[in-house]
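What follows draws every value from the coordinates through simple rules; no lab data is involved. All values reported here derive from a predicted model rather than from experimental measurement. As a convention, Cβ positions derive from the backbone with ideal geometry for all residues, glycine included, and neighbour counts pool all protein chains shown.
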Amino acid sequence: MSFLNKSTAVKGVSRRGFLRLGATGAVGLAASTALALPSGSFQVADLRGTLNASTHGVKPHPSSDQSDALQSAINKAAKDGKVLFLPAGRYVVRQLNLPSNTAICGVPGQTQLVYQGTGTLLAAHGATRVSLEDLVLDGGKRPISEQYRGLVDLTRVDELRLRGLTLLGSSRSAISAISSNGEISGCSISGAAHAGIWSMEANGLSIRDNVIHDCGNGGILVHRWTKGPDGTHVRGNRIDRIAARDGGTGQNGNGINIFRADNVIVADNSVSDCAFSAIRGNSASNLHIRGNTCLRSGEVAVFSEFAFDGAIITNNIIDGAALGISITNLDHGGRTCVCTGNIIRNLVNKAPYEPEGLDFGIGIQAEADTTVTGNVIENAETIGIVVGWGPYMRNVIASQNIIRETPMGIAVSVAPGAGGAVLTQNVFDGVTKGGIVAHEWTKPVSGDLAHEGAEEWPRLLIRDNQLIVGQRA
């Protein structure tokens, strides 16, 4: 007699119960198999409650408008708490509005939303959660309406997740996020007429591991309407070829620009070929700029300026700029900085505008309550370090720096009203116009104070500096 023909229960399981158990086990095995499939598989999406847009009237087409069908699918998926999956293909759409709990994902590099004009491409206003992943968003340089700032335009989104997006050809910014928090990561952005990513009034946004290039006015902008806490982290991004299409003397043309936003970290980014600054902090307190690589900046590579109180600029590599690092504007309250461990080289006396004071080709400028220590400055066409400007100098330390192949090592202000400075244990190699020279504004008024004559300036402590003559690489 076969096992299945036994009328008696085997270990308490009847034939009918065994068959039910077998069916349940088969379903469990199928589910386990599906969960083991790659994350892009339809089985996984189905198990996780995904709504497939193609089953709701959304069809890829080279020219047919899919806006109404896609908006309906977005609304339904958000209402049902599901992820909307868009299969590979080209979807021509006009403005799509993203309600709370919107989650849209596509096939990486193959799901393309093409903006046909009218409003903007994707907009969310006052949503609790918005997630967009693995979509190509093509603006086609088509006009975006005045009320929108970006091809993806977000206002007051509490939990934002933009991951793996490719954004092309926005006639404004690619992504605009106002009063929104969350994450923008792993995106590729190019050809935006204004900025790649523009954040306004954030509270803890993370912008990381994005690639941004060939934008008209900025790479990543972290701004606020009024100065205050922001806390955005800008990490691990690659930014290249940022122009200053709208002109100015630094308002545009910056790879990363922090404006009025306090408590921001800018770390481990690679920024090259910007018309003005690689990293520019303007009226940004408690700004931390560390471990960045800044290449071929058109003006100041790293800037902490105007009404800031507190900055750390450390362990950056700067190669090619008109001015390496500028920590200035005591006249506007700019003060308190640690500038250490930076490598700064190849500073040229050439910028997008004429200098107002000293020539360009300077390694570091510092004015107030600042320590400049342990930096290496090489091949600056004018001066290695400028300490103070006219009366705007207070409590500056410039010590243990190496300055080589530069006409003048350090220019220090002794103009009426200038405060004190400590200039000690610096090494000057290959300077031709003096290691340390006192200045009244642009005018040199001393010989080489690294050699003799420092006692004439009682507010300056100058000692233990070393001049190396005749040594070359």
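What the table shows:
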item: Per residue convex hull volume, Cα atoms of the stretch 137-291, in Å³; result: 89 Å³
item: q = 0.06, 0.11, 0.13 Å⁻¹: log10 I(q)/I(0) that the Debye formula gives for the chain, counting C-alpha atoms only; result: -0.38, -0.86, -1.05
item: Cross-link reach list, aspartates and glutamates versus Lys350, counting only Cα pairs under 16 Å and skipping chain neighbours closer than eight places; result: Asp273, Glu299, Asp319, Asp359, Glu381
item: Zero-based 10 Å bins, Cα pair distances in the stretch 234-355, whole percents; result: 16, 50, 32, 1
item: Rounded to 5, percent antiparallel among DSSP beta bridges of the stretch 355-473; result: 10 percent
item: Under 12 Å, Cβ to Cβ, from Ser399 - net charge with Lys/Arg +1 and Asp/Glu -1; result: 0
item: Estimated dipole of the stretch 322-473 in Debye, rounded to 20 [Cβ of Lys and Arg +1, of Asp and Glu -1, Cα centre]; result: 240 debye
item: Counting all C-alpha pairs of the stretch 323-387, share separated by more than 21 Å (%); result: 23 percent
item: Volume per residue of the C-alpha convex hull in the stretch 207-292, rounded to whole Å³; result: 73 Å³
item: For the stretch 364-369, Karplus couplings with θ = phi - 60° (6.51, -1.76, 1.60), whole Hz, Gly/Pro x; result: 9, 10, 8, 10, 9, 6
item: Sites excluded, GluC sites (Glu not before Pro) in DSSP loops with at most 11 other C-beta within 10 Å, longest stretch of the chain; result: 147-355
item: Binned Cα-Cα distances of the stretch 322-473, short to long, each 10 Å bin given as a whole percent; result: 13, 47, 36, 5, 0
item: Expected-Rg normalisation [2.2 N^0.38 Å, Cα atoms] applied to the stretch 183-233; result: 1.15
item: Loop chymotrypsin sites (Phe, Trp or Tyr not before Pro), the stretch 346-395 (other Cβ atoms within 10 Å of the site Cβ: 14 or fewer; DSSP); result: Tyr353
item: Straight-distance crosslink candidates among aspartates and glutamates, where the alpha carbon sits under 14 Å from Lys141 and sequence neighbours closer than 8 are dropped; result: Asp214
item: Karplus-derived 3J(HN,Hα), 6.51/-1.76/1.60, for each residue of the stretch 417-432, Hz, glycine and proline x; result: x, 5, x, x, 8, 10, 10, 9, 6, 8, 10, 10, 10, x, 7, 10
item: Whole-Hz couplings from phi, Karplus 6.51/-1.76/1.60, listed for the stretch 130-139; x for Gly and Pro; result: 9, 10, 10, 8, 6, 10, 9, 10, 10, x
